[in-house]
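Contents: one structure, followed by commentary.
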Amino acid sequence: MFETLTITLREGIEAALVIGIILAYLGKTNKEALKKYVYAGIIAAVVGSIATAIAIQMVLAEWSEFMEGLMFFIAAFFLATMLIWMHRTSKHIREDVEVGIESAFDKSQALGVLALTFFMIYREGAEIVLFLSATAKEASAATALEGATGLALAVLFGYLFIKGSFKIDLGKFFKITSVMLVIIIFQLIIGGIHEWSEVGIINLSQTGMSIIGPLVKESASILFTGIMLGFLVLLFVMVPWKEVNTEGIEGIEKRKALGAMRKERNRKITVGIVAAFLIFAFVSSQISALPAGVDPKPEKVSAAGGVIKIPTASASDGNLHKYVCDMQHAAGEACPMHGSSGEANVRILAMTKSDGSAAVAYDACALCGAAGYVQEGDELICKRCGAPINRDSLEMGGGCNPIPLNSTLEGEQIVIKTEDIKEKADLFKN
């Protein structure tokens, strides 16, 4: 949330700055006739960006965790390079663009101006496309609204900038948005690591996943949103205090000037406090409104004759069910469901798949260990990282899917050998 707004606003303003500088330079050098090639370059860059978006969607028609992770890392790379480039050039961006225009004049005025405009604007458009491809698997009204809002604000900025009626502290703008971009880059890298760990490209330990997991959950995303909102408040509200020159002013006029300065300062402090309260209330309400998921109380089963038996009727209602040992074995008797040391307590889950068959697995995965799952609708949700698991993939294993358990169906009973359960029992050590 608001990552799209931040990216489109920043990239849009950078593009508007470039366009404004080019148009201003052409006007200053009496080359008004070349302005139409600037507009042609803008149109070509927009068309090129759209074509890039279509090409990426065609490549990603079969979306996978690998491709999703790859797009996370590519987007993070380009945002990082853009951040470094802006840090180096923000103080002399006008000079750099004007040098580029002079170079374009040397090659061929019309073609040079068109090419310069195209590549400068296309770079911004391509970065937006890459970011959106990495963060949005499916288009949504909220994402479209954020993007449209960011671009609309950037167009408004560009219009006012070109007309000369809008002054902005570019240094402060780029400092604040740079911090926002660092946060977004961090989220992208964490998301890429998580996706690639699911397909085994990156091997994360359970300790590593215990760190990464909470950072990719929906609650963390909402928290990041609150932080981004805070920076947006800084960007649009916390402008420098109004400077009042009191030199040569005495008596009542000086008191009026100082009073106006204090009034401006107090107004901004008030706005900042109110905005901070509203952001805190928004984040709190959004996190508290997240579905908690259904985590059923484990049912007790007996281990007898080297097997445990689960009635199919108890797992045929489409809901998640969990099972643990009923502890009804003789004192000192080794129970495979308690692991090699006797300190574990295996949890088994069962759920009906869409075809009506029952799937059983450990209430654990290879990545997040025995954190377990809750049910939200027809999906299971990993308690540690929030990864959604389709119920039809319960017996597939891999990634954040539950570790599968061998089982057989005998009449109305699901039968699981205790020796099979023992294999991963130590994951459940307290």
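Laid out as a table, the results:
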quantity	calculated
Test result for GLY342, closer than 15 Å to ILE421 by Cβ and not β-branched (Val, Ile, Thr)	yes
Hits in region 375-414 - residues which are over 33 Å from the mean Cα position of the chain (by Cα), of a type in the set (A, V, I, L, M) and surrounded by 15 or more Cβ atoms within 10 Å (Cβ to Cβ)	LEU405, ILE414
Criterion violated by VAL324 - all others in (1) assigned to a loop (DSSP other than H, G, I, E, B); (2) touching a strand residue (DSSP E or B) at 6+ places or on another chain (Cβ under 8 Å) satisfied	(1)
Yes/no for VAL346 being part of a loop (DSSP other than H, G, I, E, B) and among the aliphatic types (A, V, I, L, M)	yes
Condition broken by VAL216, with the remaining ones in (1) at pLDDT below 80; (2) surrounded by fewer than 21 Cβ atoms within 10 Å (Cβ to Cβ) satisfied	(1)
Residue that is farthest from GLU376 (Cα to Cα) [pool: residues in region 288-319 that are surrounded by fewer than 15 Cβ atoms within 10 Å (Cβ to Cβ) and among the hydrophobic types (A, V, I, L, M, F, W, C)]	ALA304
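The values are calculated or read from the model by the stated rules, or taken from the named source; none is laboratory data. Owing to the predicted nature of the structure, the values given are computational and were not obtained by experimental measurement. Methodologically, a virtual Cβ is constructed for each residue, glycine included, from the backbone with ideal geometry; neighbour enumeration extends over all protein chains shown.
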